[in-house]
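Structure, as structure tokens:
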Amino acid sequence: PWQLEHVWDSPSIVVDRATAIAFSPDGTQLAVGSGLASRSGQLAIVSVADGKSIKTMPDLHSDTVLGLAFSPDGLWLASCGADKMTKLLNTQTLETAKLFEGHTHHVLALAWQEDANRLATASADMTIKLWDIAKGESVKTITGIGTEVTSIAFIGSTVNTVSTAMNNLVRLHDSNSGKQVKQFGPTADSLYGVVTSPNGKYVIATGQEGIARVWNIEDGKLVGEWK
């Protein structure tokens, strides 16, 4: 049975609303993002085992934190926010190692490539950007989506990404070329979240309708939905 272990409701951990969460690869830590709109973007790291706060950074961003993701190798924690910034923190020191600038609107979501060499960011400026971690710079900007890009994920160990947008479609892009390879949908309303199965065969997206839909990535067919 499910059992409640911890509740984090201290303002030192969550300010206003909890807007992003991410587990570390080893499952021992949870990163929590929050913030007051147009005033602060707070990051808190808490211990999963005992629920205690490990580190709080009340002004990591100048506006609300909207996305968090640990790199697969556990070396980095990436954060993005309404201040249009994406930051890369060293997980040992929690110091900002790199700052990625280039989006012109809220950065709504981010995702790591499996080898941790690249980071993808999705933005309300209607673009996806691919960032080279070693170089600390953007290597590709994907355009042509036409509306806010609300979530993003890499497919297994490939260079392909899937993303959702406010125009009811899930798109598959080759992140090297920036070209759209395939699309899934449309659904009846906006989409806000996307994940892929560990084996890279399926994509699941959710949105305004309150329905989770599953597509086969290879043939693009809808194989199931949960309401």
Under Karplus coefficients 6.51, -1.76 and 1.60, residue-wise ³J(HN,Hα) of segment 29-41 in Hz, glycine/proline x: 10, 10, 9, 10, x, 7, x, 8, 3, 6, 10, 7, x
How big is the shadow of the Cα convex hull of the chain, averaged over all directions, in nm²? 12.5
When only alpha-carbon atoms count, how far does segment 57-117 stretch along each of its three principal axes, as whole angstroms with the largest first? 28, 23, 16
Estimated vicinal HN-Hα couplings, Hz - segment 210-227 in sequence order (Karplus 6.51, -1.76, 1.60; Gly, Pro = x): x, 10, 9, 10, 10, 10, 6, 5, 5, 9, x, 7, 6, 10, x, 8, 10, 10
Rounded accessible area per residue of segment 154-209, 1.4 Å, Å²: 44
Computing the accessible area with a 1.4 Å probe over protein heavy atoms, can you report the carbon and sulfur percentage for segment 116-199? 46
Take the Cα gyration tensor of segment 25-136, multiply each eigenvalue by 5, square-root it, and list the three semi-axes largest first, rounded to whole angstrom. 21, 18, 11
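Of the cross-linked pairs 140/179; 201/227; 84/135, which ones have a Cα-Cα span greater than 18 Å in the structure shown?
Listed pairs above 18 Å: 201/227; 84/135.
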Using only alpha carbon pairs under 8 Å that are at least six residues apart, calculate the relative contact order of the chain and give it in whole percent. 9
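The values are calculated or read from the model by the stated rules, or taken from the named source; none is laboratory data. All figures in this text were calculated on a predicted structure; none of them were measured in a lab. Accessible surface is based on the protein model in full, side chains and every heavy atom, while ligands, DNA and RNA are left aside. Shrake-Rupley method; radii C 1.70, N 1.55, O 1.52, S 1.80 Å.
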